[in-house]
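Below you'll find the structure, written out as structure tokens, and then a few comments.
The values are calculated or read from the model by the stated rules, or taken from the named source; none is laboratory data. Every value quoted in this text rests on a predicted model; they were computed, and no experiment measured them. For neighbour counting, all protein chains shown are included, and Cβ atoms are generated from backbone atoms with ideal geometry for every residue, glycine included.
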Amino acid sequence: MIELDGITKVYRTGSQSLEALRGISLGIGKGEFVSIMGPSGSGKSTLMNIVGCLDTPTSGSYVLDGDKVAGLTFDELAAVRGRKIGFVFQNFNLLPYATAWENIELPLLFDGKNGRRRRERVSELLNAVGLYDWRDHRPTELSGGQQQRIALARALANDPPILLADEPTGNLDSRSGEEIMAILIDLWRGGRTIVMVTHNDHIAARSERVIRLFDGQVVD
Amino acid sequence: MIAIFFRNFFRDLVRQPLRTALTLSGVVWGTFSVVLLLAFGDSVSKAQIKRFHGMGQGIVLVFPARTTLPWQGFLRGKAVRITPEEVESIPGKVPGIELISPEFVGSRLIRFGRREYRNTVRGVNPQFELMRNTIAARGRFLDPEDMAGRKRVCFIGNVLASDLFGTDEPVGRTILVDSVPFTVIGVMMTKLQSSNYNGQRDERCAFIPWTTYASLYGSKYVSNFIFRPIDASRSKAAMEDIKGLLAKLLGFSPADPDALGVWDTLEFEKQFTTFFLAFTIFLGVIGTFTLLVGGVGVASIMRVVVDERTREIGVKLAVGARRRTILWQFFSESLAIMLLGGLAGFGLAAAVLQALRALPQSGSGDLGFTGFVGLPVLNPLVVVSTIFILLVIGVAAGLIPARTAASTDPIEALRK
């Protein structure tokens, strides 16, 4: 599903250059649940951004779901992101002025789905995360756990095969975190590929495989 | 999709009512200025050209003068003299002349009862009426029969008519012109006249047949003559032809620049029109700058909005929005603000113009303020120019912040 080969990422600021990733090669199979761990500055976020097609590698090849992704333009990557990847963020990143419904509808709009299909899909997702009755509430009127469930529903809107979660439980109390983990595991059992960044060994232990990064390289 | 755009747009507008009001007010005021200044410029131009047409439309005035070059044994300084018969024979020899009239001009004592004025008397022919817009409000202008019979009839200006007769009916009355009785056959319609030559404006003149004038006062040579070419664009060529003919007939050098004084109102009007076009454009430019300030306001507010919503943009990019989509979102929002403000400005300007129309007109009708400035209206020229200016500024004001928004780095935006 995800094949990275010799991925490097170099940031240049003036005469200085920082090697965030130094030749990462790894493969994640379809339906795997993988955790990425590592200290701050180890390159976890950079790796997630490249896997998520938000960023492009300086060198190396990246094949996503059978398609070569390296070298695509930003707008081509946008289409890939919209269809194949769902993002879940630590701080939820919901639009503050939009309702729960509108937040979930967003990826469907960008994918150009028509009104009837959008309505059906949003209702379905709201029911799936158990927040249909909260559809007209804004994020500020929802608890952290509820917000993250809305964010999850948004990530799943276009039914992407891959879910990227960046510290999905980092801002939640343990009970809400547990709920989110339960949903993620459910999704994984349903055949979705899940890549999760976390600091928490306990959370990471729930995944099938842990990839540890240190100083821009995979250590085991 | 469009419904969602409008829903979001109005939500954005209402979220910051004070900011929205201030942003809009710049655009409203700018549009208002453009519309009013353009309408004002346009109406002043039209009023001025109308006044200029008061003297006549599409005519050329020719004043015989003195030679300035020696010719065939004559020294320079010889008087050029033309008889009215020679003037009336010109159309037979020069093509392209629609109307022509000789003109004698003199200052005469005009009397009716105990009222006496020294006014300008013009000896002309019936073609004079159309060329010089001396249209009859009552009675009629001179006709060929008056000419042939050298009749003692006169057509008088409206001011002269009220000076002599007050509110009484002048047509059919007899007045004395230098003690010779003349019957009044018509009174001129009131007109605006900003230009003139030889004597008083038409409103104070008496017009009599030139045949009568010549026999009564013994005048042999005309003061001037006027003609109108069939094709207005050929006025210069027709004048050249006439000059060539008269040079041969009267004995002056065809190359003599000043033997005939020429006032080509067509040429004059061209310059006049150009001047007023420049005037209107100048006003339009001032208005445009005002609107530009409004546009800058929109652009800078949108920059702030983009800045505030960086994270929103990041999220949207992450869930599959293209840069185009983001560009369009902010661009259309700015443009919508511009158009909303523009619409309000238009409405305001239309209301002011309507109010101006309803105002009691100062001065004596056409001759007062409105005669000079005209009545500014929302004509198609004004509307189309304003919409064009509004769109150009709106597109520029929208594009600049929208491009900033679209170039947001999603990674940076999400980290905020």
So the check is Cβ under 7 Å with 6+ separation or different chains; which pairs have a first residue in the stretch B:278-295 that's outside the structural domain of B:Thr31 (by TED's automatic domain parsing) and a second one that's part of a helix (DSSP H, G or I)? none
Mind telling me which of the residues B:Ala21, B:Ala47, B:Ala3 ends up being free of Cβ contacts under 8 Å to residues at least 12 places away in the same chain and closer than 27 Å to B:Gln354 by Cα? B:Ala21
Kindly indicate whether B:Thr386 is surrounded by 15 or more Cβ atoms within 10 Å (Cβ to Cβ), out of contact with any Lys or Arg (no Cβ under 9 Å at 6 or more places or on another chain), modelled with pLDDT under 85 and within 30 Å of B:Arg51 (Cβ to Cβ). no
Of all residues in the stretch A:75-85, which are facing chain B (nearest Cβ under 8 Å) and either under 20 Å from A:Arg121 (Cα atoms) or buried (at least 17 other Cβ atoms within 10 Å of the Cβ) (or both)? A:Ala78, A:Ala79, A:Arg81, A:Gly82, A:Arg83
Here is a list: B:Thr31, B:Thr23, B:Thr67. Which entry is surrounded by 20 or more Cβ atoms within 10 Å (Cβ to Cβ) and in contact with a Leu (Cβ under 8 Å, 6 or more places away or on another chain)? B:Thr31
Filter the stretch B:1-20 down to the residues that are surrounded by fewer than 16 Cβ atoms within 10 Å (Cβ to Cβ) and under 18 Å from B:Gly295 (Cα atoms), then identify the one that is farthest from the other protein chains (Cβ to nearest Cβ). B:Leu18
Which residue out of B:Arg173, B:Arg228 is within 16 Å of B:Met131 (Cβ to Cβ) and either over 34 Å from the mean Cα position of the chain (by Cα) or not hydroxyl-bearing (Ser, Thr, Tyr) (or both)? B:Arg228
Could you list all residues from the stretch A:86-101 that are facing chain B (nearest Cβ under 9 Å) and crowded, with 21+ Cβ neighbours inside 10 Å? A:Gly86, A:Phe87, A:Phe89, A:Asn93, A:Leu94
From the options B:Leu24, B:Leu99, B:Leu61, residue that is modelled with pLDDT of 85 or more, part of a helix (DSSP H, G or I), away from chain A (no Cβ under 14 Å) and at negative phi: B:Leu24
Among (1) at negative phi; (2) surrounded by fewer than 20 Cβ atoms within 10 Å (Cβ to Cβ), which single condition is A:Ile180 missing? (2)
The residue from B:Ala259, B:Ala299 that alone is outside the structural domain of B:Gly398 (by TED's automatic domain parsing) and either of a type in the set (A, V, I, L, M) or surrounded by 14 or more Cβ atoms within 10 Å (Cβ to Cβ) (or both) is B:Ala259
Mind counting the residues in the stretch A:45-74 that are of a type outside the set (Gly, Ala, Ser) and within 13 Å of another protein chain (Cβ to nearest Cβ)? 13
Among the residues listed as A:Ile180, A:Ile194, A:Ile185, the single one being outside any helix (DSSP H, G or I), away from chain B (no Cβ under 14 Å) and at pLDDT 90 or above: A:Ile194
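Conditions (1) within 30 Å of B:Ala39 (Cβ to Cβ); (2) basic (Lys, Arg); (3) at pLDDT below 90, marked per residue:
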{"site": "B:Ser179", "(1), (2), (3)": "no, no, no"}
{"site": "B:Phe182", "(1), (2), (3)": "no, no, no"}
{"site": "B:Gln193", "(1), (2), (3)": "yes, no, yes"}
{"site": "B:Arg228", "(1), (2), (3)": "no, yes, no"}
{"site": "B:Ala255", "(1), (2), (3)": "no, no, yes"}
{"site": "B:Ala259", "(1), (2), (3)": "no, no, yes"}
{"site": "B:Leu266", "(1), (2), (3)": "yes, no, yes"}
{"site": "B:Gln271", "(1), (2), (3)": "yes, no, yes"}
As an exercise: evaluate A:Val219 against (1) at pLDDT 90 or above; (2) of a type outside the set (Asp, Glu); (3) under 20 Å from A:Ser25 (Cα atoms) and give the number of the one condition it does not meet. (1)
Output yes when any residue across the stretch A:111-130 is facing chain B (nearest Cβ under 9 Å), under 21 Å from B:Arg322 (Cα atoms), buried (at least 22 other Cβ atoms within 10 Å of the Cβ) and in contact with a helix residue (DSSP H, G or I) (Cβ under 8 Å, 6 or more places away or on another chain), and no when none is. no
Counting just the residues of the stretch A:141-174 that are touching a Pro at 6+ places or on another chain (Cβ under 6 Å) and within 12 Å of chain B (Cβ to nearest Cβ), which one comes out surrounded by the most Cβ atoms within 10 Å (Cβ to Cβ)? A:Ala157
